[in-house]
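The next block holds one structure in the form of structure tokens; read it before the comments.
The values are calculated or read from the model by the stated rules, or taken from the named source; none is laboratory data. The structure displayed is predicted, hence computed values, not measured ones. We place every Cβ from the backbone using ideal geometry, glycine too, and count neighbours over all the protein chains shown.
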């Protein structure tokens, strides 16, 4: 039986506001060890994605004055958790992206819940366990 997106997805996706400055977006990526950040609008939910490549392209511009909305890609590639990893890999290749997202549809707005990255596919090929976020620390 082939593995599915849910078997290697990383739960939790970093997000930023549409007006977040690129310095903040870069800090979020570094803090979370992420390759991309989902751009969120209060009314519309997820409206775009910013990858490391988007930030590097912005570096040659006056990036300190730019906001997430200025560099984001509006197309957010998403899959269902039960999609086969072969299909996920094909989507990444065809669309030339390094990650696809699993979206949770709330009434009215979509929110990211998990991500499958190229890194996760390579970990799978290497026979390593998927990266999972550490469980929350219980406070007494």
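Structure notes:
- Condition met for residue 119 (surrounded by fewer than 19 Cβ atoms within 10 Å (Cβ to Cβ) and under 30 Å from residue 2 (Cβ atoms)): yes
- In the set 88, 56, 122, 97, only one residue is assigned to a loop (DSSP other than H, G, I, E, B) and farther than 15 Å from residue 12 by Cα; that residue is 97.
Okay, residues lined up against (1) surrounded by fewer than 17 Cβ atoms within 10 Å (Cβ to Cβ); (2) at pLDDT 95 or above; (3) out of contact with any strand residue (DSSP E or B) (no Cβ under 9 Å at 6 or more places or on another chain):
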| position | (1), (2), (3) |
| --- | --- |
| 40 | no, yes, no |
| 46 | no, no, no |
| 49 | no, yes, no |
| 60 | yes, no, yes |
| 68 | no, yes, no |
| 71 | no, yes, no |
| 85 | no, yes, no |
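- Identity of the residue in region 96-106, under 21 Å from residue 45 (Cβ atoms) and touching a residue at least 12 places away in the same chain (Cβ under 8 Å), that ends up farthest from the chain's Cα centre (by Cα): 106
- Flag for residue 103 being in a strand (DSSP E or B), modelled with pLDDT under 95 and either touching a helix residue (DSSP H, G or I) at 6+ places or on another chain (Cβ under 9 Å) or closer than 18 Å to residue 14 by Cβ (or both): yes
- Subset of region 9-30 that is part of a helix (DSSP H, G or I) and under 14 Å from the mean Cα position of the chain (by Cα) - its residue that is surrounded by the fewest Cβ atoms within 10 Å (Cβ to Cβ): 30
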